[in-house]
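Report on one structure; see the data block that follows.
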Amino acid sequence: MNAFRNTLSRMLFPQWVLLGVGLVVGAVALLIGVSDNLPGIGLLYLALVCLAGAWLWNWRSPREYWMLLIISLAAFPIGAILHNLFDALGTKAGQIPVIGQLVGFLGAFFFLAAVVAAAPVGLAALIGGITASWKGLDRLTKLNRSYRRFIESSRIGKKVLLKLVNLVRQSASGANLQPLKFILSNTPEKNRRIFPSLSWAGYLKEWTGPAEGERPAAYIIILGDSELAKSFQYDAGIASQSITLGAAELGLGACLVGSINRERLREEFSIPERYQILLVIALGKPAEQVVLEDLGPGEDIEYWRDEKDRHHVPKRALEETILDL
């Protein structure tokens, strides 16, 4: 029953609803005509907005929506200017068959980009940006999954890592001792020195970890300074949550790795003994889909991957976590 409910809910994801509505409304618009027909033109734009919304729905960061909105706003005047330019060139180059056809095609392309595509895509980006911004922490906690496969070629800048660590600096610390220190890595050379010390996904017995091309683009190694504190578990937990939520807000995925060959990692970076190696946070653009599943009574808590290689994570029901005492 749970499997059927989860399958049905995935079929009813908003992006599929938007896709279906867009296709149906677009077909109706074509049937009633869009040439000098205001209702048809309105339906066509509604269909394009729905199709653009279906494409944008899984975007993770509000920043991506705002960037697309800016691009769409710029596309209209640029597309109009280029359309008029190629239209003018077409009148002069029309006698030359190949060049005339190319110029005519480019003129039509930029007309469609400016008039047909830019407005609905911009509207969908505006709606998506506002919606994503309003979803707040609930959206971020759902996005904040343990991703283990990344788009390795999508690099992460040093400024991003500093921004994530600064979130920790601003967060709470036990007795305000602030004993955590960090090693940052975002270059292929340095990343290769970290990866062999990590173990991945203990429940997936036949999977040895991400292959080349799917490995993290960056790492943050969390250390505890034993000269500042003797216990670090609370600070490490707060720090990890701050970093991974910040990464989710930026459209990145993260994975907390606690299964570490600490002796090897310490030797690799000549980490002084005063610093305890607590966790390694792997970061990158996610290359996999993580699906939350309802955990029924007596069902297994182990995560798993389906035939489409989607990563499924069972979660206990909210009611099960509350004790009525």
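The values are calculated or read from the model by the stated rules, or taken from the named source; none is laboratory data. Keep in mind it's a predicted model, so treat the numbers as computed, not measured. Here Cβ is always computed from backbone atoms with ideal geometry, including for glycine, and neighbour counts include all displayed protein chains.
Based on this model, can you work out whether PHE105 counts as surrounded by 15 or more Cβ atoms within 10 Å (Cβ to Cβ), modelled with pLDDT under 80 and either within 33 Å of the chain's Cα centre (by Cα) or of a type in the set (A, V, I, L, M, F, W, C) (or both)? No; evaluated as a whole, the condition is false for this residue.
As a summary of the residue check, PRO179 satisfies the conditions (1) more than 24 Å from the chain's Cα centre (by Cα); (2) in contact (Cβ under 8 Å) with a residue 60 or more places away in the chain except for the one numbered (2).
Being outside the structural domain of VAL165 (by TED's automatic domain parsing), within 30 Å of ARG193 (Cβ to Cβ) and touching a strand residue (DSSP E or B) at 6+ places or on another chain (Cβ under 9 Å), is that true of even one residue in the range 304-311?
yes
Conditions (1) at pLDDT below 95; (2) among the charged types (D, E, K, R); (3) in contact with a helix residue (DSSP H, G or I) (Cβ under 6 Å, 6 or more places away or on another chain), marked per residue:
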| residue | (1), (2), (3) |
| --- | --- |
| SER133 | yes, no, yes |
| ARG155 | no, yes, no |
| LEU164 | no, no, yes |
| PRO179 | no, no, no |
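Considering LEU161, LEU184, the condition of being surrounded by 13 or more Cβ atoms within 10 Å (Cβ to Cβ), aliphatic (A, V, I, L, M) and free of Cβ contacts under 8 Å to residues at least 40 places away in the same chain is satisfied by LEU184 alone.
Residues that are under 25 Å from THR131 (Cα atoms), in contact (Cβ under 8 Å) with a residue 40 or more places away in the chain and within 22 Å of the chain's Cα centre (by Cα) number at least 2 in the following helices (runs of 4 or more DSSP H) confined to the range 222-325: 233-249. Could we say that LEU140 is surrounded by 13 or more Cβ atoms within 10 Å (Cβ to Cβ) and at pLDDT 95 or above here? No. For the range 270-281, the count of residues that are surrounded by fewer than 16 Cβ atoms within 10 Å (Cβ to Cβ) and of a type in the set (Phe, Trp, Tyr) is zero.
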